[in-house]
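Read through the structure below, which is laid out as structure tokens, and then see the notes.
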Amino acid sequence: AEKKIIAVSIPAADHGWTAGVVYHANAAAKEINKAFPDIEVIVKTSPSASAQVSAIEDLSATRKLDALVILPHSSEELTTPVKAIKDKGSFITVVDRGLNDPKIQDLYVAGDNIAVGFNTAKFLVEKMGGKGNLVVLRGIPTVIDDERIKGFQDGIKGSDLKILDIQYANWNSDQAFKLMQDYLAKYPQIDAVWANDDDMLLGVLEAIKQSGRKEIKFALGGNGMKEIIAKVMAGDAVTPVETPYPPSMIKTAIYLTAAHFAGHAPVRGSFKLDAPLITKANAAEYYFPDSPF
Amino acid sequence: MADLAAAPPRAEPGWSIGWGDAGPFLALAALIAIGFLVNPDFLSANNIANVVTRSAFIAIIAIGATFVISSGGLDLSVGSMAAFITGVMILFMNWVAPSVGTAAIPLGMAVALVTGIACGLMNGAIVTLGRIEPFIATLGTMGIFRALITYMTDGGTVAIDRSLRDAYRPVYFGDVLGVPIPILVSLAVALVAAYVLYRTRYGRRCVAVGANEDVARYSGISIPRVRTMAFVIQGACVAIAAICYVPRLGAATPTTGLLWELQVITAVVIGGTALRGGRGRIWGTVAGAVILEFIANLMVLSDFVSEYLVAAVQGVIIIIAMLIQRMSKR
Amino acid sequence: MADLAAAPPRAEPGWSIGWGDAGPFLALAALIAIGFLVNPDFLSANNIANVVTRSAFIAIIAIGATFVISSGGLDLSVGSMAAFITGVMILFMNWVAPSVGTAAIPLGMAVALVTGIACGLMNGAIVTLGRIEPFIATLGTMGIFRALITYMTDGGTVAIDRSLRDAYRPVYFGDVLGVPIPILVSLAVALVAAYVLYRTRYGRRCVAVGANEDVARYSGISIPRVRTMAFVIQGACVAIAAICYVPRLGAATPTTGLLWELQVITAVVIGGTALRGGRGRIWGTVAGAVILEFIANLMVLSDFVSEYLVAAVQGVIIIIAMLIQRMSKR
Amino acid sequence: MNAAPAPPSPARGGAPVLRAERLAKAFGGVPVLSDISLDIRPGEIHAVIGENGAGKSTLMRLLSGYLRPSEGALWMDGEPIAFHGPADAQAAGIALVHQEILLAEALSVTENIFIGREIGRFGRLDERAMRAAAAAQLAEIGCKVSPRARVGDISLANRQLVQIAKALLGTHRVVIFDEPTAVLTHDEVDPLLDIIVKLKQRGVAILYISHRLDEVERLADRVTVLRDGRMVGSYEAEGLTPHRMASLMVGREFASLYPVRVPRDIAGPVLEIEHAHVPGFVHDVSLTLHKGEILGLAGMIGAGRTELFEGLLGLRPASFGAVRLHGKPSHFASPAQAAAAGIGYLTEDRKGKGLLLGERLAPNLTLAALDRVHTVAGLDLAREAQLLDRAVASYDIRLRSRDAKAGQLSGGNQQKLLLAKVMLNDPSILVIDEPTRGIDIANKSQIYAFIQSLVQEGRSCIVISSEMQELIGLCDRILVMRSGRINGELSGDAMTESNVALHATSSAAHEKTSGRNAHG
Ligand SMILES: Nc1ncnc2c1ncn2[C@@H]1O[C@H](COP(=O)(O)OP(=O)(O)OP(=O)(O)O)[C@@H](O)[C@H]1O
Ligand SMILES: Nc1ncnc2c1ncn2[C@@H]1O[C@H](COP(=O)(O)OP(=O)(O)OP(=O)(O)O)[C@@H](O)[C@H]1O
Ligand SMILES: O[C@@H]1[C@@H](O)[C@H](O)OC[C@H]1O
Ligand SMILES: [Mg+2]
Ligand SMILES: [Mg+2]
């Protein structure tokens, strides 16, 4: 029989998390290509939204795609082009950043960004007795970032936790380091920090360490980066919890898509990975020392 | 004086392409040949149409940049200006759509054009009145345009109203006699630009200013006016590009136009325009834009480059393309 | 000829800062004054130390860029070169640490320096031997360096071995008599660079090549050699910056060095070096780097700028800083 | 064509240092020089003369390693030698003073002089030594600029002197001067000629190119004449008059240099300038130009003549008590406005401010008068080509190909192209700054005739020149400027070299004899 072709289109490794995505996507492709002789998985990375639009156009212009697994750079720009692929009869799996029109996808695999923000906020409210000064670092202006912030704000609603400041650090450790240094210079009393991604948390921790300031009780991130999980496992006082947002979700998505062709039961629907709080107790489940993330 | 009569007639830069300027086209031809070897699908009508249509975008902006650069300037703000114009246009169309229906589209196009011209005017004024190095001036406005649209849209994302989507779609996806509309638009822009650069007073002055400011001044040319005009042309080109691309992108997002300035400048330089000014090549620029898009396409179509190494291979190909075009020169 | 005797003596560029070159320092002073008005914490010793320390990387790289730019070149690859060097250095240190312990650190530094010099040599060779516009050549190597390190590290992230971390930390976080080490390093680099640029034969030739290639060539200067050397100096500076940078976050990531090239060029130009070559200002460059970092710092410390508008305000301030430095010129 | 070679002169040096044998040079297949053989002997000044475009500069570049011959060979001290670049030739002791000024404007005088051979040990520059050496070298050739001055800030003439100082640095066996005096005034020429004689006495072999045939007569021991890229011959200078040289150059009997003065009606004022101030250069200058008049402006370098007119045209900050054009108060914010009002200005700096050297001839020609080729359908390139043909014919611009870039024309032909460019706007008042700089004698006389015909058509002309004879031969009236002021006015018989020189140099004449009272 003809080989089934599964194209995987993901962002290039532009920060830690997406590097993880690329790693897991490549790993899945290798494994599946080996395990299922009837399926061919092609992975393509794109450095920008418009490059990604081009890439899926190119893939579908030159061969028939049985399925497309896509982690869109941004929802708006990819919606129409992915729909065009769908209209040619491909099976569409969307990962993480959704499309504007959910009807396009056959399968959706994502993390729960609202929960990422909300669960972290709840933890802080509880541990800080409902009051204290917070500073927040956010990523790049996107839906995902907005959702996390919204979830967080909902989570502290009703408490006396106060957000002193919130600024973009673009999911970048370096910028987060600088921003945290500046927060520290600006506010004499900071009780807790939330960086909505672990790349940024690395920078935050370094800045706190350098300042020698002791009043900061918590510095939390999110995403399940292995370095941070390790801290949680080790019972770190300042970073005792974490929320998962594993880049390996791409692998899950690819496997599910492959199963659609290899297995006999069709796979469809929406798989939302929850974002439970990772604590010392369950951290080991989330620790993958060989992953690049 | 006998020599004079014997002087061979010479191809003027202009509609026809002289041999000395063949570099970028040779590089393009070489690339197409490689592409075919790598993957025969490369030459499928479909693929070629896709790639050229896509390149129209950078091509149109780069045509504007050809004016700016040949007049001795530089515009780093084009990418965020494109995002800004796209955003303003979409906001405007979405706002009037409820009352005027699909008439919002031509109105939106007019607004885009006016916005583009205004942005260009602003760049030009800062550079000429403020006498600030164009690199810095447009680096500044790059931040300004980007931030303004982020501010206006509360985070930078704004999508075109569903009611307009289908009516607007043909501007990118439609074709006339099989030729996609963006290609037609970019050809039209290139024709007009070539006319302006090679066949009008303004074009001559533009290149003169880039070649030697003093000579231009002593020849009665107003340098601020010529420079500002180049930035205005650039703004208009960005607007035209945005107008064609709104249907493809369907939205302005915080990453719209990111790093386009680098692609644009690269297209211009690969095309044979001197980065130091004094020499502009419209058709070369178009070829440059197509080259860049073909390289990216080739990366997608070829299977033997590790995903991590794509950028490296692209870098190498760009350098080789430049070598080819250098070598063809003498 | 009586007029001539009356001509005001001209300050030579050198250790002392002539009035004509005071621009960037005036801009810096103005910025500090504004900063103080906006938030008195701005002048806290701690904040100043942080900001100046932070600016050290860009300053060190930009010092190298001052050579490249004043010789008439441009290097867009510095950011990804920094990532590449950082990555290579960490990989190497982690590899030898088990056998040599903390001696891995000085060895790693040596490897970084060699890598930087090799990268610079590569840029220089492509530009001079290939006779390719530096903009394009280094745009190409920018992709190459970035891709190589992404490939070598399977995604671009590599953290320094725990066993080395603490030993290495002081290189960024330590101080001598209260002055943070990166500041000392960048001062040392600036002193050496100022000496080379203003007081040595090479520096003289570097500027001459940028000022007028023909003159330099006719004066018997080997332009390829001078240009290549400038790129090598740039490579060495990037390596030094990387050496100081590694302990800061202890890792190379895919975003390490992203867009540094723009910051670097901006610092150089704000500092008074001519982007077209022929004029280099080491101390101005250092001031330029500090200005950029202060602007960013000011944005965070002030309360009245919406987070969305930060980039716009930065853009405006950069333009104003340039205006101040222009005006101070005559 | 080859004339019999001059017999070797036992008095001077004997064996040639440098010998060229059947040199030829072609650019892109177009021959520019062919079959040139000459020898250069120690202690001898060997002049090379020829019309504009004859190939003199090209020959000099071949001899000094800037170009490589297409055919032929060079011999030094009887040994064959090949130069791979100027550095080789310099190492062999051959220095060239370029016709075009080759200095980096952004750098100081000292820096320029020492580019490529900086003084210092272990790479460290010895600034003081270089400055002292530069000062000494400049003083020796009578140049008074400060070694610290930025080259971009000094006058063209001073740049030329700096360039000479640069070439003369160090020890040489052969020094080639390509029109070293073209941009110098009389008073500056003398110290330079003294230097050249001194070099000769030291046994240096000198090659000397000039269109000032009186200088050649004064200096040269032997003269080689080129015409259309070929040798007419080498001659002993003894007894060779300027007139004879001119005839050899042009290949026919040469008539007279200056046009016969035709009596004309010099009518009322067309341009009146009152109380002009150009900060730093011109102080309270007033002058009147009449219809049909050729008004000369004499003075030494730095007198401020150029700046006066740059100020008038809005090219530099200036203030005026009044400017009246045909009696109407006027103000020009830019050369474009002045051109529209009928004033044309031909810059003295053809390379820096006159022509786009990297551009072809047609765009250069029409750059300041694009309206002439503009139609509703855009630029009319056919018409532009016609205009170029006409300019080539009427200004006798010699070129090897229409394709040429302006920078590839010989110096004199560049000047003629520039003149054509300015005339394209059909000015009724023409200000020519140094009209014959670098122009050969035949062309000079054409240009003089041309200026004469302009005023006969009822136009008016201001000639700024550092060549006193040309002002005297051409002008109806001469204003002499000194240190930014008008220091005297001469007309009729009072226009003599000594009077011009007196007013140009002596402050005693200041104010008293200046101004309108002398007007007659
Ligand atoms: N690089 C070049 N390419 C093509 N033609 C050239 C080049 N250089 C010079 N020529 C041509 O060679 C001829 C001789 O030029 P050259 O400069 O030697 O004349 P010249 O005798 O020095 O004249 P002038 O007295 O006007 O300086 C001219 O026709 C000129 O256009
Ligand atoms: N920026 C400057 N700083 C100091 N001196 C200057 C500067 N610019 C010009 N000069 C001097 O001012 C004088 C103006 O010279 P310029 O040659 O332009 O006058 P001119 O009357 O036109 O003389 P000519 O046409 O005979 O050369 C010169 O002495 C020059 O050295
Ligand atoms: O790339 C993003 C990552 O950095 C963020 O933390 O989570 C969502 C992803 O899309
Ligand atoms: Mg000549
Ligand atoms: Mg003058």
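Numbers for the structure displayed
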{"item": "Strands (runs of 3 or more DSSP E) (entirely within the stretch D:135-234) containing at least 1 residues that are at pLDDT 90 or above and of a type in the set (Lys, Arg)", "result": "D:222-227"}
{"item": "Pick from the stretch D:368-408, criterion more than 16 Å from ligand 1 (Cβ to nearest atom) and of a type in the set (D, E, K, R), ranking: nearest to D:ILE451 (Cα to Cα)", "result": "D:ARG390"}
{"item": "Any chance C:GLY284 is modelled with pLDDT under 90 and closer than 25 Å to C:ALA49 by Cβ", "result": "no"}
{"item": "The lone exception for D:SER146 - which of (1) away from ligand 1 (no atom under 16 Å from the Cβ); (2) touching a strand residue (DSSP E or B) at 6+ places or on another chain (Cβ under 6 Å) it fails", "result": "(2)"}
{"item": "Answer from D:ASP426, D:ASP403, D:ASP389 - the residue that is at the interface with chain B (Cβ under 10 Å from one of its Cβ atoms), more than 13 Å from D:LEU365 (Cβ to Cβ) and more than 16 Å from ligand 4 (Cβ to nearest atom)", "result": "D:ASP403"}
{"item": "Residues satisfying the stated conditions in the stretch D:54-95, i.e. away from ligand 1 (no atom under 16 Å from the Cβ), under 13 Å from D:LEU23 (Cα atoms) and touching a residue at least 40 places away in the same chain (Cβ under 8 Å)", "result": "D:ALA73, D:LEU74, D:TRP75"}
{"item": "Test result for A:SER50, away from chain C (no Cβ under 14 Å), within 23 Å of B:GLY250 (Cα to Cα), modelled with pLDDT under 90 and open to solvent by less than 20 Å² (accessible area, probe 1.4 Å)", "result": "no"}
{"item": "Meets criteria (more than 16 Å from ligand 2 (Cβ to nearest atom), under 30 Å from D:LEU357 (Cα atoms), part of a helix (DSSP H, G or I) and free of Cβ contacts under 8 Å to residues at least 24 places away in the same chain) for D:ALA393", "result": "yes"}
{"item": "Leading residue by the ranking (farthest from the other protein chains (Cβ to nearest Cβ)) among those in the stretch D:439-476 that are more than 21 Å from D:SER256 (Cβ to Cβ) and either within 16 Å of ligand 2 (Cβ to nearest atom) or open to solvent by less than 10 Å² (accessible area, probe 1.4 Å) (or both)", "result": "D:SER460"}
{"item": "Total residues in the stretch C:208-234, condition open to solvent by 40 Å² or more (accessible area, probe 1.4 Å), closer than 13 Å to D:ILE115 by Cα, part of a helix (DSSP H, G or I) and out of contact with any Pro (no Cβ under 7 Å at 6 or more places or on another chain)", "result": "3"}
{"item": "Filtered residues of the stretch D:139-161 (kept if more than 12 Å from chain C (Cβ to nearest Cβ) and away from ligand 5 (no atom under 16 Å from the Cβ))", "result": "D:ALA139, D:GLU140, D:ILE141"}
{"item": "Hey, B:THR150 of a type in the set (Ser, Thr, Tyr), more than 7 Å from every other protein chain (Cβ to nearest Cβ) and either open to solvent by less than 10 Å² (accessible area, probe 1.4 Å) or touching a residue at least 24 places away in the same chain (Cβ under 8 Å) (or both) or not", "result": "no"}
{"item": "Residue check for A:LEU277: under 18 Å from A:ARG97 (Cβ atoms) and in contact (Cβ under 8 Å) with a residue 12 or more places away in the chain", "result": "no"}
{"item": "Of residues in the stretch B:214-261 being among the polar types (S, T, N, Q) and more than 8 Å from chain A (Cβ to nearest Cβ), the one nearest to D:TYR345 (Cα to Cα)", "result": "B:SER219"}
{"item": "Members of the stretch A:53-86 that are outside any helix (DSSP H, G or I) and modelled with pLDDT of 90 or more", "result": "A:LEU65, A:ASP66, A:ALA67, A:LEU68, A:VAL69, A:ILE70, A:LEU71, A:PRO72"}
{"item": "Selected residue (only one of A:ALA12, A:ALA25 is within 12 Å of chain B (Cβ to nearest Cβ) and open to solvent by less than 10 Å² (accessible area, probe 1.4 Å))", "result": "A:ALA25"}
{"item": "Matching residues, the stretch D:316-351, being within 16 Å of ligand 5 (Cβ to nearest atom) and either within 22 Å of the chain's Cα centre (by Cα) or away from every other protein chain (no Cβ under 11 Å) (or both)", "result": "D:ALA318, D:TYR345, D:LEU346, D:THR347, D:GLU348, D:ASP349, D:ARG350, D:LYS351"}
{"item": "Odd one out for D:GLU310 among (1) among the charged types (D, E, K, R); (2) within 16 Å of ligand 5 (Cβ to nearest atom); (3) away from chain B (no Cβ under 14 Å)", "result": "(3)"}
{"item": "Some residue of the stretch B:4-26 being within 14 Å of chain A (Cβ to nearest Cβ), modelled with pLDDT under 95, assigned to a loop (DSSP other than H, G, I, E, B) and more than 15 Å from the chain's Cα centre (by Cα)", "result": "no"}
{"item": "Among the candidates C:VAL305, C:VAL300, C:VAL313, residue that is outside any helix (DSSP H, G or I), more than 7 Å from chain B (Cβ to nearest Cβ) and open to solvent by 10 Å² or more (accessible area, probe 1.4 Å)", "result": "C:VAL305"}
{"item": "Qualifying residue in the stretch C:274-297 (condition: part of a helix (DSSP H, G or I), more than 8 Å from every other protein chain (Cβ to nearest Cβ) and of a type in the set (Phe, Trp, Tyr))", "result": "yes"}
{"item": "Matching residues in the stretch D:139-160 - criterion: being in contact with a Lys or Arg (Cβ under 9 Å, 6 or more places away or on another chain) and more than 10 Å from ligand 2 (Cβ to nearest atom)", "result": "D:GLU140, D:PRO147, D:ARG148, D:VAL151"}
{"item": "Identity of the residue in the stretch B:169-207, more than 13 Å from every other protein chain (Cβ to nearest Cβ) and outside any helix (DSSP H, G or I), that ends up most open to solvent (accessible area, probe 1.4 Å)", "result": "B:LEU177"}
{"item": "Pairs where the first residue, in the stretch B:35-52, is without any contact (Cβ under 8 Å) to a residue 24 or more places away in the chain and outside any helix (DSSP H, G or I) and the second is of a type in the set (A, V, I, L, M) and open to solvent by less than 60 Å² (accessible area, probe 1.4 Å), C-beta under 8 Å, 6+ apart", "result": "B:SER44/A:ALA61"}
{"item": "Enumeration of residues in the stretch D:29-71 that are within 14 Å of D:LEU207 (Cα to Cα), away from chain C (no Cβ under 14 Å) and either within 16 Å of ligand 5 (Cβ to nearest atom) or not in a strand (DSSP E or B) (or both)", "result": "D:ARG41, D:PRO42, D:GLY43, D:GLU44, D:LYS56, D:THR58, D:LEU59, D:LEU62, D:LEU63"}
{"item": "Single residue of A:ILE216, A:ILE250 found to be more than 30 Å from C:VAL51 (Cα to Cα), more than 10 Å from chain C (Cβ to nearest Cβ) and open to solvent by less than 20 Å² (accessible area, probe 1.4 Å)", "result": "A:ILE250"}
{"item": "Strands (runs of 3 or more DSSP E) contained in the stretch D:424-482 and holding at least 3 residues touching an Asp or Glu at 6+ places or on another chain (Cβ under 9 Å)", "result": "D:460-464, D:477-482"}
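The values are calculated or read from the model by the stated rules, or taken from the named source; none is laboratory data. All values derive from a computational prediction rather than experimental measurement. Using ideal geometry, Cβ is built from the backbone for each residue, glycine included, and neighbour counts are taken over all protein chains shown. Note: accessible area is taken over every heavy atom of the protein model, side chains too, but ligands, DNA and RNA are not part of it. Shrake-Rupley method; radii C 1.70, N 1.55, O 1.52, S 1.80 Å.
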